[in-house]
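Here the structure comes first, spelled out in structure tokens, and everything after it is commentary.
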Amino acid sequence: MQEVRFGIIGVGIQGSKYLGFFVNHELKNGRLVAICDRDPKVLSKFQKQYGGLFRYYSDSDSLLADPEIDAVFVTTPHYDHVPISIAALKSGKHLICDKPIGVYTKNVGELLEAAEGSDRVFSMMHNQRTNPVFRKIRDMVHSGELGALKRYVWICTDWYRSQAYYNLGGWRATWAGEGSGMLINQCPHNMDLLYWIFGMPERLWAKSICGKYHQIEVEDDVSVFMEYEKGFTGTLLASTGESPGTNRLEVSCDMGRLVYEGGDSFIFDENVIAEPAFSRSEAENHGTGFDRPACNRRVIRPEGEETAHKGIIQNVINAILNGEKLIAPGPEGINALSLINAVNLSSWTDSTIEFPIDADLYWKLLQEKIEASPIKSV
Ligand SMILES: NC(=O)c1ccc[n+]([C@@H]2O[C@H](COP(=O)([O-])OP(=O)(O)OC[C@H]3O[C@@H](n4cnc5c(N)ncnc54)[C@H](O)[C@@H]3O)[C@@H](O)[C@H]2O)c1
């Protein structure tokens, strides 16, 4: 195979962005040959614009039956990610599933089974994994350079959306349409990075507040406290209602403190001696108890650029053609979703949630939210 022939299922805001990469020749060895959208207005808009450049389908099954398509994007609203992704793998297509992998973990198991029984390339669109800053922080955490972690705090309040965004209506910000709010729409990126950098916590406790800043039925503000097997803790604070917000990750560890606050660099205040060793030696030497380890400030600006969505697509093309290692292997998508579901479950039941979460209970409580809502379908 010389090039990968793609189809996009769901050509709304995000699907159109991927379409643009192909028509502007921004990807190597990839060609878009078909698009699918169930909205006839969307299809006819593209048909008028691109004519015979693509084949046009109004349902995903017909696109998946097209033998001249090698790989598909699933870029529909989230509820359809799991069923269409399963159908894609079963029909022998390589797959890029947009975030989140699904809405609730109960049915993601079926997708993981389909992936296990398939030799197709399956990637999640977890595009923030291409950010050199997060890659470097992950390397530093995993290599042991930071020593034992004590705590991280991620304040992620730069997902600001005004009421106008929510007034666009449709599937967004409804239990029936997307099954959650900020957690499932904006935060999958953060949740994936948390899993990717720090691993999965053992348990979490959370408060998610619905309609705190906007007239919506789902959450737009969350506070999460996580405990990890290795003894460190994590806190995530996020909202779509603060401006100016911040995107600040602070990691406290034996070797000092690492602070990222947006941009292409971060600070590492590196202790010259690990804090526990310093504390022990102060005790042995009858120190005053008020001294602290000396530290040196390093400003770390990792090389490389954030290739984002294009980087993930190119990686998938290279994986199909040459076996390149995936940046965001598809089955890992369940971890971000487990975190998202756990945050809601903790808040809904006012209890600490252990991993793995009770997927049946989550699904049942979500159905109750949908039934209690005036919006039953979108
Ligand atoms: N990775 C990212 O950075 C990123 C950014 C934005 C959106 N997304 C994800 O992309 C998905 C779509 O978001 P959007 O903003 O493009 O939404 P959108 O509403 O603009 O587009 C969705 C499109 O899918 C079509 N559609 C719905 N169900 C379909 C079906 N079963 N078969 C075929 N077409 C169908 C709709 O008609 C619509 O045109 C969401 O899951 C969202 O989380 C990812």
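The values are calculated or read from the model by the stated rules, or taken from the named source; none is laboratory data. Since the structure is predicted, the reported quantities are computational estimates derived from the model, not experimental observations. Every residue, glycine among them, receives a Cβ derived from its backbone with ideal geometry; neighbour counts consider all protein chains shown. Quick note on the areas: whole protein, heavy atoms, side chains included, nothing else; ligands and nucleic acids left out. Shrake-Rupley method; radii C 1.70, N 1.55, O 1.52, S 1.80 Å.
Would you mind stating whether Ala359 is more than 16 Å from the ligand (Cβ to nearest atom) and touching a Gly at 6+ places or on another chain (Cβ under 9 Å)? In short, yes.
State which residue is surrounded by the fewest Cβ atoms within 10 Å (Cβ to Cβ) when the search covers only region 90-140 and only residues that are in contact with a His (Cβ under 9 Å, 6 or more places away or on another chain) and farther than 24 Å from Gly181 by Cβ. Ranking the qualifying residues of region 90-140, first place goes to Arg120.
Pairing each residue of region 273-297 that is on the phi < 0 side of the Ramachandran plot with any residue that is open to solvent by 70 Å² or more (accessible area, probe 1.4 Å), provided the two are 6+ apart or on different chains, yields C-beta distances under 6 Å for Ala294/Val272.
Yes/no matrix, rows are residues, columns are (1) closer than 22 Å to Lys90 by Cβ; (2) of a type outside the set (D, E, K, R):
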{"residue": "Gly7", "(1), (2)": "yes, yes"}
{"residue": "Ile13", "(1), (2)": "no, yes"}
{"residue": "Asn24", "(1), (2)": "no, yes"}
{"residue": "Arg38", "(1), (2)": "yes, no"}
{"residue": "Phe46", "(1), (2)": "no, yes"}
{"residue": "Phe54", "(1), (2)": "no, yes"}
{"residue": "Ala65", "(1), (2)": "yes, yes"}
{"residue": "Glu68", "(1), (2)": "yes, no"}
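Scan region 205-241 for residues that are hydrophobic (A, V, I, L, M, F, W, C) and more than 18 Å from the chain's Cα centre (by Cα) and the total you get is 8. Considering the conditions (1) more than 16 Å from the ligand (Cβ to nearest atom); (2) closer than 28 Å to Ser265 by Cβ; (3) open to solvent by 40 Å² or more (accessible area, probe 1.4 Å), Asn322 is excluded by exactly one of them, (2).
Return yes or no: is Pro302 modelled with pLDDT of 95 or more and not in a helix (DSSP H, G or I)?
Spelling it out, Pro302 is indeed modelled with pLDDT of 95 or more and not in a helix (DSSP H, G or I).
Here the condition is being touching a helix residue (DSSP H, G or I) at 6+ places or on another chain (Cβ under 9 Å), on the phi < 0 side of the Ramachandran plot and surrounded by fewer than 18 Cβ atoms within 10 Å (Cβ to Cβ); of Tyr50, Tyr18, it holds for Tyr50 alone.
Of everything in region 12-66, what is among the acidic types (Asp, Glu) and either in a helix (DSSP H, G or I) or more than 11 Å from the ligand (Cβ to nearest atom) (or both)? Give them in sequence order.
Glu26, Asp61, Asp66
Taking region 345-363 as the range and being assigned to a helix (DSSP H, G or I) and surrounded by 13 or more Cβ atoms within 10 Å (Cβ to Cβ) as the test, the residues that pass are Leu345, Ser346, Ser347, Trp348, Thr349, Ala359, Leu361, Tyr362, Trp363.
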